[in-house]
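Following: one structure in C-alpha cells, then a few remarks.
The values are calculated or read from the model by the stated rules, or taken from the named source; none is laboratory data. In this text the structure is predicted, and so the values were computed from the model without any measurement. Cβ sites come from the backbone with ideal geometry, for glycine too, and all protein chains shown count toward neighbours. Please note that ligands, DNA and RNA were not included when accessible areas were found on the heavy atoms of the full protein model with its side chains. Shrake-Rupley method; radii C 1.70, N 1.55, O 1.52, S 1.80 Å.
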Amino acid sequence: MNFATAKSRRGSVLVIVIWAVAIAAAIVAGLQILSFRQAVLGSDAVARVQARWAARAGVETMIAIMEYHTENPDPEDALALILDLEDNSYGTLETGTYDIRHFLDGIESAGPLDEHSKANINLLNSTELMNIEDMTPDVVGAIVDWKDANEDAGMLGAEKSYYQNRGKSYEPRNASFRNFAELELVAGVWPESTRGEDWNLDGRLDPNEDDGEQTWPEDNHDGILDAGLSGLLTASSLTSPRAASGEDRLNLATATSAEVVERLGLTEPQASALLAYAKTPNARLEQLLVIPLSTLSQGGAAAAGGANSTGGAVTGGKGSGGASTQGRTGRSSGGSSGATGGVTQAGPGNLDKAAIGKVMNECTLKEFTRPEPGKMNVNTVSGRVLKEVFDLNPKLVDSLLSRRDAKVTGLTNLADVLDIPGMTPQILSSLAPKLDVQSFVFTITSRGRSITVGGESEMIVTVDRSTLPAQILMYREP
Ligand SMILES: [Ca+2]
Ligand SMILES: [Ca+2]
Ligand SMILES: [Ca+2]
Ligand SMILES: [Ca+2]
C-alpha cells in the first residue's frame with residue numbers, strides 16, 4: 001500500500017516535473033523572443049539617438065563658426081565665413097557622422113544655405129514679383145495685400161474679407177512675412193509652387209524628391225533639386241546695424257566730421273561734403289556711385305540730374321587716407337564709353353572708388369530701430385534670382401558671378417562691382433539698396449548618421465549671427 005502510494009506519488013511528481021520543464025521551456029523561449037525584440041528595439045533607439053546627436057554636433061559646429069566670425073570679422077575677406085562653414089560641413093564623431101549641404105540654382109554645395117543668397121520677399125515690389133516664372137497677377141496682388149499695412153484690397157488682391165468669406169481661420173498679416181512657409185497661406189499660392197520638388201523644405205534632395213512618380217511629390221528624377229519659389233525667395237534674411245568691420249554702422253545723420261575722418265580715413269573736406277549730403281532730403285548712399293560727392297553735397301541728387309557722371313580721370317581724393325590705395329590715377333583714352341567707370345571724383349570734396357565702397361560698407365543714413373528685411377549678399381546671391389526676379393541681363397549676371405568666384409577674398413565692397421564688364425553706375429545704384437557684402441542669416445540642414453546600425457536624423461535650424469550669442473530663428477526636425 002505504502003509502496004504503491006509512493007510509486008503513484010513518484011508518478012505524479014514526474015508528471016509535474018515534465019509539466020514544469022515544459023512550462024519553463026515555454027517561458028524561456030518566450031523570454032528569448034522578448035529579449036531579442038528588446039535588443040533590436042534597443043539598438044534601433046541607440047542608433048536614432050546617435051544620429052540625432054551627430055546632427056546636433058553639426059549644427060553646434062556651424063553656430064560656433066558663425067559666432068567666431070561675428071566676433072572676429074575680416075572686412076578684407078568677404079568669403080572667410082562662407083569657406084570656414086564649408087570646410088567644416090562634414091564631421092565624424094565616435095558614434096556617428098554629420099553632413100551639411102544645400103542646393104542653390106541646381107547645384108549642391110557643402111555648408112549651410114545663406115538666406116542672403118535669395119531675394120527677401122518683404123523687399124520685393126509687384127514688378128519684381130511679377131518677373132518670377134509662372135507668377136500670376138492675382139497671386140502678386142494677394143502677396144502685396146498680405147504685406148501692406150492697409151486693409152484696401154488691390155484690384156486682384158485679397159485682404160481680410162476674402163479669407164473670411166472662404167472660412168479661413170486666419171487673415172493677412174498686414175506686415176512683413178515672418179517666414180517663407182507663411183507664403184502658403186496667401187490666397188492662390190499652392191505648396192506645389194512654393195516647394196517644387198523640395199517637399200520638406202529642407203534645401204536637400206531627398207529620395208522621394210528624386211524618384212519620379214513612385215512617391216509624392218512629383219519630381220523629374222534628374223538628380224537636381226528644383227525648389228520652386230523656395231529656391232528664389234526667403235523671409236528670413238535681415239539687415240543688421242553691424243558694419244563689415246564689425247562695428248555698428250556710423251549714422252551720417254548725426255555723426256561729427258571728426259568721427260567720419262577717424263572711422264573712414266577721409267580728409268576733412270571729404271567728411272564735410274559727405275555730412276552735408278547726408279543732411280539733404282532723400283539722400284541715398286548709392287547716389288555716390290553715380291554722382292560726384294561735390295555735386296551731391298551742393299544740392300543733392302535733384303540738382304545733379306544733368307551731372308556728367310562718366311569719363312575723365314579718377315583720382316583719389318587729395319590726401320585721402322588708407323582707403324585710397326585702389327584709387328585709379330588715370331584712365332586710358334579709350335575709356336570714353338562710360339559703361340565701366342565710376343564717377344568723376346577729382347577735387348578735395350570728392351571720393352575715390354575705394355572710399356565710396358567704404359562709406360557704403362560702414363555708414364547708414366538713419367537710426368537702426370528694429371530688424372528689417374535683409375539684403376542679398378553679392379558674394380553668394382543666386383544668379384537665377386538676379387536674372388529672373390531683377391530682370392538683369394544674363395551676360396552681366398554671368399560676368400558678376402565669374403568675377404566674384406575669381407577673387408579669393410570675394411567682393412569686399414559694392415564699388416568693386418563697378419569694374420565688371422557691362423555694369424554701369426546706374427544699374428548698380430538701382431540694385432545697391434538690395435545688395436550688401438555680408439550675410440547674417442543661414443539655414444543649417446544637418447543630417448546625422450549613427451556609426452553602428454545606420455540610423456539617420458535631420459535637423460533644420462535657421463540662425464541669425466548678427467548678435468552674440470547667435471539667435472535661433474527657426475528649428476525643426478522633419
Ligand atoms: Ca494689407
Ligand atoms: Ca528636401
Ligand atoms: Ca517623387
Ligand atoms: Ca529634379
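Can you work out which of the residues in segment 218-250 that are of a type in the set (A, V, I, L, M, F, W, C) and either at pLDDT below 95 or over 24 Å from Asp134 (Cα atoms) (or both) is nearest to ligand 1 (Cβ to nearest atom)?
Leu238
Does segment 113-126 contain at least one residue that is more than 21 Å from Ser439 (Cα to Cα) and either more than 16 Å from ligand 4 (Cβ to nearest atom) or assigned by TED's automatic domain parsing to the domain that holds Lys434 (or both)?
Yes, segment 113-126 has at least one match.
Only one residue in Lys387, Lys395, Lys366 is of a type in the set (Lys, Arg), farther than 19 Å from Ala80 by Cα, in a helix (DSSP H, G or I) and touching a residue at least 12 places away in the same chain (Cβ under 8 Å), so which one is that?
Lys395
Taking Thr239 as the residue in question, decide whether it is without any contact (Cβ under 8 Å) to a residue 12 or more places away in the chain and β-branched (Val, Ile, Thr).
Taking the combined requirement at face value, the residue does not satisfy it.
How about segment 191-217: which of its residues are near ligand 3 (Cβ under 8 Å from one of its atoms) and in contact (Cβ under 8 Å) with a residue 24 or more places away in the chain?
Once the filter is applied, which keeps residues that are near ligand 3 (Cβ under 8 Å from one of its atoms) and in contact (Cβ under 8 Å) with a residue 24 or more places away in the chain, segment 191-217 yields Glu197, Pro217.
Looking at (1) open to solvent by 20 Å² or more (accessible area, probe 1.4 Å); (2) more than 14 Å from ligand 3 (Cβ to nearest atom); (3) under 19 Å from Glu458 (Cβ atoms), which one does Ser230 not meet, given that it meets all the others?
(1)
Do we find a residue being open to solvent by 60 Å² or more (accessible area, probe 1.4 Å) and in contact with a helix residue (DSSP H, G or I) (Cβ under 8 Å, 6 or more places away or on another chain) anywhere in segment 134-147?
Yes - at least one qualifying residue is present in segment 134-147.
Among Gly212, Gly265, which is surrounded by fewer than 16 Cβ atoms within 10 Å (Cβ to Cβ), more than 16 Å from ligand 1 (Cβ to nearest atom) and at positive phi?
Gly212 is the lone residue from the list that is surrounded by fewer than 16 Cβ atoms within 10 Å (Cβ to Cβ), more than 16 Å from ligand 1 (Cβ to nearest atom) and at positive phi.
Considering every residue within segment 168-191, establish whether at least one is of a type in the set (S, T, N, Q), touching a Leu at 6+ places or on another chain (Cβ under 7 Å) and either open to solvent by 20 Å² or more (accessible area, probe 1.4 Å) or within 9 Å of ligand 1 (Cβ to nearest atom) (or both).
No, every residue in segment 168-191 fails to be of a type in the set (S, T, N, Q), touching a Leu at 6+ places or on another chain (Cβ under 7 Å) and either open to solvent by 20 Å² or more (accessible area, probe 1.4 Å) or within 9 Å of ligand 1 (Cβ to nearest atom) (or both).
Consider Ala158 carefully, then state whether it is within 16 Å of ligand 1 (Cβ to nearest atom), out of contact with any His (no Cβ under 9 Å at 6 or more places or on another chain), outside any helix (DSSP H, G or I) and open to solvent by less than 20 Å² (accessible area, probe 1.4 Å).
The answer is yes for Ala158.
Those residues that are away from ligand 2 (no atom under 12 Å from the Cβ), touching a helix residue (DSSP H, G or I) at 6+ places or on another chain (Cβ under 9 Å) and assigned to a loop (DSSP other than H, G, I, E, B), I need them from segment 175-215; list them, please.
Ala175, Ser176, Phe177, Val186, Ala187, Gly188, Val189, Trp190, Gln214, Thr215
Can you work out which of the residues in segment 216-250 that are more than 19 Å from Arg370 (Cα to Cα) and not in a loop (DSSP other than H, G, I, E, B) is nearest to ligand 2 (Cβ to nearest atom)?
Ser230
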